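Have a look at the structure below before the remarks.
The values are calculated or read from the model by the stated rules, or taken from the named source; none is laboratory data. Because the structure is a prediction, the values reported are computed rather than measured. Here the Cβ positions follow ideal geometry from the backbone for every residue, glycine too, while neighbour counts run over all protein chains shown.
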Amino acid sequence: MSVAFHQHTLTNGLTIVAEVNEDAPSAAVGFFVRTGARDEPRELMGVSHFLEHMMFKGTEDLSADDINRVYDEMGARNNAYTSHETTCFYASVTGDRIGDAIDHTARMMRPALRESDFETERGVILEEIAMYADNPFWVLYEQTSERYYDTSPLGHRVLGTPDTIRAMSRDSMAGYFESRYAADTTTVALAGRVDFEDACRRIEQRCSDWGRSSIPEPRTAPSPSRGRLDLTDERFDRGYLIAMAPGPAAQDDNRYAATLVAQVLGAADNSRLHWALVEQGIAEEAQAGYEPNDRSGEYHIYASGDADRLGEIERVLTQESESLAESITADDLARIRSRFATSFTVSAERPGDSMQRLGRLWTMLGEYRTLDEELDRIEGVTLETVRSLLGGQGVTPWTIGTLRPPSGA
């Protein structure tokens, strides 16, 4: 499989990156905007996700039905998502329709933001928030994250809160859009069977009049806090625990070691937590993950089970996490590296996956690495690298949150 990387920046700062594979049967495009919950004023918490919804409500010359109909006519698999740091709009199509997908997505990126649509979508988002409020994991995660990140906007809720969504105005959203959805905060990532010169021409035609952003740079690193919170909720009859700890930032090459560490500790199966908690019948679920962010990173550990055994779950989870530097072996790393090699290689065969990897990496770091280079970084993680990262202390939880039913419930 021959893949060629291309990059071009428009005069207004919008960047176009592509992994072109002329033998691929399909192609994908993604518009990555460097904005998310982390970038919102507290009073506008949830505006990035709200805007994601509004992009599909139509432009000045396209209705919401037009947006969906045109994607359907080209056979696109399209969607969008919002995180703490990025909002992405993407589509995958057959190779001969990638020009249409680029044109249509670019047009969609300048929405009308009609007041009537704003009010309709406000109700949809309030329903979505209510749905997540019935999920014990999200109830605990959001509050633990707020405690851990303290005053940092990395603790913001991506959906916002009922209060911030109800108080938000269409004009405040429009102001946020103007400052954030700008040429120099946008990366267009392409992968698969793409004519790069034609793609650049189309993007230039659609996006050359986009202005530059008016936002402060760079983002500031958070100062995570230590502590705990213990919640009770009569709606839930099980016990839940989330622990959070600092990890390497996205700019730190130790993120590769941290990724392996999290998998050894808490992959869904054959991990330290799985064998110590799930296989022993102490917990029903036990997993760990690592999230690299801009100038920050976090480990998060999750477990659930019988509420009466929550104390035991916490003791075992903490012990396994803190002793990881001592217990991790070279065989552990080899097993996880092999799993990543398989996952990365299979993913590289799908232009949609390649587009996501390319877009996220460029949006975060402004750099490109081939799949082989990424695998080399993973392969380069040694036992000494991991132990140096962990400092002989393992992954020590800084903030722990628990959720259980009230006593006697």
Got at least one residue in segment 355-367 being of a type outside the set (Phe, Trp, Tyr), touching a residue at least 12 places away in the same chain (Cβ under 8 Å) and over 30 Å from Glu142 (Cα atoms)?
no
Identify all residues within segment 308-350 that are touching a Ser or Thr at 6+ places or on another chain (Cβ under 9 Å) and hydrophobic (A, V, I, L, M, F, W, C); write none if there are none.
Leu310, Ile313, Ala330, Leu333, Ile336, Phe340, Ala348
Of all residues in segment 381-409 being among the small types (Gly, Ala, Ser) and modelled with pLDDT under 95, which is farthest from the chain's Cα centre (by Cα)?
Gly408
Contact list please: Cβ distance under 6 Å, first residue in segment 87-110 and without any contact (Cβ under 8 Å) to a residue 40 or more places away in the chain, second residue hydroxyl-bearing (Ser, Thr, Tyr) and part of a strand (DSSP E or B), pairs at least six apart or on different chains.
none
Which ranges mark the strands (runs of 3 or more DSSP E) fully within segment 1-90 that have 1 or more residues being touching a His at 6+ places or on another chain (Cβ under 7 Å) and β-branched (Val, Ile, Thr)?
15-20, 77-82
Residues (touching a Gly at 6+ places or on another chain (Cβ under 8 Å) and part of a helix (DSSP H, G or I)) located in segment 250-300
Arg255, Tyr256, Ala258, Ala262, Gly266, Arg272, Leu273, His274, Leu277
Criterion (more than 22 Å from Phe31 (Cα to Cα) and assigned by TED's automatic domain parsing to the domain that holds Phe56) met by exactly one of Gly123, Gly99
Gly123
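On the given criteria, is Asp198 within 18 Å of Leu358 (Cα to Cα), assigned to a helix (DSSP H, G or I), of a type in the set (Asp, Glu) and touching a residue at least 12 places away in the same chain (Cβ under 8 Å)?
No.
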Residues of segment 153-170 being surrounded by 19 or more Cβ atoms within 10 Å (Cβ to Cβ) and either closer than 16 Å to Gln143 by Cβ or at pLDDT below 95 (or both), which ones?
Leu154, Gly155, His156, Arg157, Val158, Leu159, Gly160, Thr164
Provide a single number: the residues in segment 171-196 that are farther than 19 Å from Ser48 by Cβ and surrounded by fewer than 22 Cβ atoms within 10 Å (Cβ to Cβ).
3
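Of the residues Ser321, Ser296, which is of a type outside the set (Phe, Trp, Tyr), under 22 Å from the mean Cα position of the chain (by Cα), over 21 Å from Thr232 (Cβ atoms) and surrounded by 20 or more Cβ atoms within 10 Å (Cβ to Cβ)?
Every option except Ser296 fails the conditions.
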